[in-house]
Each structure stands twice: as C-alpha cells, then as structure tokens.
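What follows is one structure encoded as structure tokens, with my remarks underneath.
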Amino acid sequence: MAQTMTKKPAPPAVKLTKLLINNQWVDPAQGKTFDTLNPATGQTIAKVAEAGPADVDKAVKAARKALESGPWKNMDAADRGRLLFKLADLVEKNAEELATLESLNCGKTITDSRGDMQGVVNWFRYYAGWADKIEGKTVPVRGSFLSYTLRQPVGVVGQIIPWNFPLLMLAWKWGPALACGNTVVMKPAEQTPLTALRVAELAIEAGFPPGVINIINGYGETTGAALVVHPDVDKIAFTGHVDTAKIIQKAAADTLKRTTFELGGKSPNVIFADADMDQAVAGAFHAIYFHGGQCCTAGSRLFVEDKIRQDFVERLAEKAKQRKVGDPLDPKTEQGPQVSQDQMDKILGYIQLGEKRGARLMTGGQRIGDKGYFVEPTIFDNVKDDMAIAKDEIFGPVVSVLPFKKVDEVIQRANNTYYGLAAAVWTKDIDKAHLFAKEVKSGTVWVNCYHIVDTTTPFGGFKMSGQGRENGEAALEHYTETKTVTVKLG
Ligand code: ADP
C-alpha cells in the first residue's frame, strides 16, 4: 500500500464519454462533442458528448418518471440509504482509479485527489445514514384537529457543479438530494466531466433505478442554461461563480424554481502577533496554496498585525519558493497546474495589476514553463484594501498581505467585501478569537486552523457568497418540501 502511494500512478483509460439518461449511455441528439483537456499538458484527453436542449429535456423526463412512478418513489427510506452506502463502498473500492482520473482531468495533485475520494466516501455515508431519519412533526394546532407535517422530496433537481473539486462537489449534491428521495439531473463542469461519468457507472452498479441519476455534459451557457429554464425542474443547486449565480437566479425566476447557491469568496485570514507563529505561517500557507488557490474558501486576504509582518511575510515567502509545482500525478508534487488557459491568463492578469498598482511582489508572479498552466506561488506585501488584488476573487496561488494594527480595525476591514464565505483568525487570546468569530460576516469561521470542512458542519455564504447551506442536517432543509396534513377529529 505504502509503495502504491509513493509511485506515480499510470493515467487510467477513459471509457465513458457519453450522456447518462435513464441508466443508458446515450449519444447526444445533435451528435456534438467537446474536448476535455489535461491541464498539465494542454492536450486533449477525450471528446465528450455535448447535451443540447433535446437531451436535457430527455434527461428531465427520465428524472420526472423515476420520481413519480417506479421503484424509487415507493422505496423504503432505509433502502435509499442502503443504495448510498453501497455507492460509498464502490467509490472506496475504486478510489485509486478515480483519484488518478481526477488528477488527470482537473490537475490537482494525486495526494489531494486521494483526499477528495475519502471525502466522497464520507459524504455518501453521512447522507446514507440520514435517509431514514428525515422526520416530520406532530403540531399542537388549535381546535379539534390532528396536524402533522411530512417531509417530501422537492422533486427533480438540477445540479450544476464546478471544476475545482469535481467529485467532491458531486457528493455534496447527490448525498442529500438522494437521501431525501429526489431525482437528479447533473451537469458537471465542461472542464472536468470524466470522474462524474465513472461514478455514475458505479451508481448503476450500486442499484440506483433508471432515471434517478442522469448526467448531461456540456457548456454552462447552453446545456446548463437549458436545465435552468426547463419548466419541469423543481430546483437548481449551483456551485460556481457569483456572476453565473445572478444569471441563474434571473433565469429561474420565470418558473419560480427553488435555488441554492454556493459561490466564491475573498476570505480574510487574520494573524495576530500573539499567535503561535509556526502554526500561523503553516496555516496561512495552506489557506492560500491548497489546490493552487482554486478554492472558494482560499485565504487570499492575509491580514497580518504590523509588528510581526516583516518576519511573517519573509517566512511565508521562503516556504513559497520551496513549493514543488509540477506533474500532478507525481506523489512528490505539492501544487499542480491551474485548470485552464483562461484561468491561468486571468491569474497572470491580476498579478500584473498588483504590480502596476504598486503592491510589493515578494515572490512568484510568473508562469512556469510553456506547456500546461502552471503559475508560481505568489505573494504581494503591503497591499491596499482598494486594490483589485485585495477585492476580487483571483482563484489562483496569489495572496495579498494587508497590514493592520487594531482588533476593531481588522474586523471592519475583513467585513469590507461583498463576499462572506469563510474567515479565519490566529491568536492565543480567546477574547479576540470569539469577538472575531461573532463579528465577522461569513458562513464559516476557523480559529487557529483553516480549510476544515466536514460532512456534519453547515457550509455556505453570507452576502454574495451564496444562499442556503450545504452539508450537515442543514442541507436536508433545501432538498425537502414540508407538507402540513390536518385531520378533523371526532
Ligand atoms: P467558473 O468561473 O469557476 O468556471 P462558472 O460559474 O462559470 O464558474 O461555472 C460553474 C458551473 O456553472 C459550470 O458547470 C458551468 O458550466 C456552469 N455555468 C456557467 N454558466 C452557466 C449558465 N449561464 N447557466 C447555467 N450554468 C452555467
């Protein structure tokens, strides 16, 4: 086992490239395909079927039929749970193949992909356990009546996911949706469709009935948009860019669909002078460079108390210079490529803007090589709050260091953003830690740690970082409708 973990795995053969509708692998009606690339080389891995509106309609019809008739509708909740447990077991059994495929298509390091696969297993098991514990209430209504509530599935759920954690985002969405008895039409990101197709094959093997899980590959503006406007889709669950969410919310308004959004961030990571310095340096480093900064929770605004700033930034820069950036399939690699040419160009554009506005480039700033989409871990010091690099989500390995002096000041500046996904504080003073946790406007706050996200803990955004919560019991709210039944007594 230890040897498999230290050897570079061979890229797996890619067999699944079609659409999955009603448990059948089908070609798209118009026969169109798109290329999916390996971001480490820029070369095509496979041509993948592209769903047009007719295919989206076919998938929604299959999902509707599975919802309203057939084995899924009448299945005991405990048996829905058993299917999810079985899927978790199959993912666990095939974890190495899935992790390798994820790294190939998404560019994340094989170590991170292996971590993601464990996450996928955990998420499916957690929601498998919920399936037969989603209960209504008896309600003390006035008069001679018995009132009780039923928690029923929302219906056909369209799920649109991004490219940064392709399978983990799938698990966050399938887990609660299926535990609650919904049926699913999923659109993976156009950059990273391959692992979703393989896990859909495992779902058929696990025994999910036809139509319960459908996969439509394609671009957002076409395939995704067709799913959003489809009148027979009851809910859209979306993870992606804030600007896309605005388009989706407007498009979903015509059919008044339920929507949940998990969007971006510009998360403040606050280091007080009384923090454990070794832990804070390591934590700040992990906060920004995990998965090359391609995380909605990336700690990209690094507030450092002025009296320790110089030393702190120098230590951070020393670590950044030593980071091993390269082939994601090599177990020694610590950072892979960015996912695409577009993303790399956007990141390099922000770096240029930072330099132009006079922020101090401590390290990095360049593309690495001329093949694939690699970017150096980059640190800007002495950044001002109104610079683009301090305001916009860059989604790359670029951190902006912002000096501060006082607690109230840093809380006010941390909140001076339209985002509110995550925040962190590093200090040994519990008063400061709790004050910050209470006052910062974000869905998640970490104290002396970063990027800790569990199956059990609600996750989502304040302000323009999202609507609704995923994970934990909170997600079940968004995948059930509550029905009140009132019975006249006597
Ligand atoms: P990113 O900038 O991280 O790629 P996007 O929001 O563009 O984020 O993409 C996230 C997901 O949303 C992808 O699956 C993408 O195809 C999809 N998407 C993009 N635009 C639309 C749209 N107009 N309608 C529906 N889905 C979309």
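Worth a mention:
- In region 115-129, residue surrounded by the most Cβ atoms within 10 Å (Cβ to Cβ) [restricted to those that are of a type outside the set (S, T, N, Q) and more than 13 Å from Phe165 (Cβ to Cβ)]: Phe124
- Residues that are more than 6 Å from the ligand (Cβ to nearest atom) and buried (at least 19 other Cβ atoms within 10 Å of the Cβ), drawn from region 214-227: Asn214, Ile215, Ile216, Asn217, Gly218, Thr223, Ala226, Leu227
- Matching residues, region 228-242, being within 7 Å of the ligand (Cβ to nearest atom) and surrounded by fewer than 19 Cβ atoms within 10 Å (Cβ to Cβ): His241
- Met5 being over 26 Å from the mean Cα position of the chain (by Cα), modelled with pLDDT under 95, under 30 Å from Gly292 (Cβ atoms) and not aromatic (Phe, Trp, Tyr): no
- Test: Pro193 is within 12 Å of the ligand (Cβ to nearest atom) and within 17 Å of the chain's Cα centre (by Cα): yes
- Residue check, Gln279 farther than 30 Å from Gln467 by Cβ and surrounded by fewer than 18 Cβ atoms within 10 Å (Cβ to Cβ): yes
- Qualifying residue in region 4-18 (condition: among the polar types (S, T, N, Q), touching a Pro at 6+ places or on another chain (Cβ under 9 Å) and in a helix (DSSP H, G or I)): yes
- Residues that are in a helix (DSSP H, G or I) and either more than 30 Å from Phe145 (Cβ to Cβ) or open to solvent by 10 Å² or more (accessible area, probe 1.4 Å) (or both), drawn from region 454-489: Lys463, Met464, Ser465, Ala474, Ala475, Glu477
- In region 243-261, of all residues being open to solvent by less than 60 Å² (accessible area, probe 1.4 Å) and over 19 Å from the mean Cα position of the chain (by Cα), the one that is nearest to the ligand (Cβ to nearest atom) corresponds to Ala251.
- Scope region 144-190; condition near the ligand (Cβ under 10 Å from one of its atoms), over 14 Å from the mean Cα position of the chain (by Cα) and open to solvent by 10 Å² or more (accessible area, probe 1.4 Å); matching residues: Glu190
- Scanning region 65-99 for residues that are among the charged types (D, E, K, R) and open to solvent by less than 40 Å² (accessible area, probe 1.4 Å) turns up just one, Arg80.
- Within region 364-397, the set of residues being buried (at least 20 other Cβ atoms within 10 Å of the Cβ) and assigned to a strand (DSSP E or B) comprises Phe374, Val375, Thr378, Ile379, Phe380, Asp381.
- Qualifying residue in region 303-312 (condition: within 16 Å of the ligand (Cβ to nearest atom), open to solvent by 10 Å² or more (accessible area, probe 1.4 Å) and of a type in the set (Val, Ile, Thr)): no
- Any hit, region 444-458, residues being farther than 21 Å from Thr239 by Cβ and not aliphatic (A, V, I, L, M): yes
- Where a residue in region 252-279 is in contact (Cβ under 8 Å) with a residue 12 or more places away in the chain and under 30 Å from Asp234 (Cα atoms) and its partner, wherever it lies, is among the aromatic types (Phe, Trp, Tyr) and part of a helix (DSSP H, G or I), with Cβ under 9 Å and at least six apart: Glu262/Trp172
- The residue of region 196-212 that is nearest to the ligand (Cβ to nearest atom), among those that are open to solvent by less than 10 Å² (accessible area, probe 1.4 Å) and more than 13 Å from Leu84 (Cα to Cα), is Ala196.
- No other residue among Ala88, Ala78, Ala54 is farther than 27 Å from Gln152 by Cα and in a helix (DSSP H, G or I) apart from Ala54.
- The C-beta contact set for region 14-27 (first residue at pLDDT below 95, second residue in a loop (DSSP other than H, G, I, E, B) and among the aromatic types (Phe, Trp, Tyr), distance under 8 angstrom, 6+ apart or interchain) is empty.
- Of all residues in region 262-281, those being more than 10 Å from the ligand (Cβ to nearest atom) and either under 16 Å from the mean Cα position of the chain (by Cα) or under 26 Å from Leu168 (Cβ atoms) (or both) number 7.
The values are calculated or read from the model by the stated rules, or taken from the named source; none is laboratory data. Source: prediction; values computed, not measured. Cβ sites come from the backbone with ideal geometry, for glycine too, and all protein chains shown count toward neighbours. Side chains included, ligands, DNA and RNA excluded: accessible areas come from the protein's heavy atoms. Shrake-Rupley method; radii C 1.70, N 1.55, O 1.52, S 1.80 Å.
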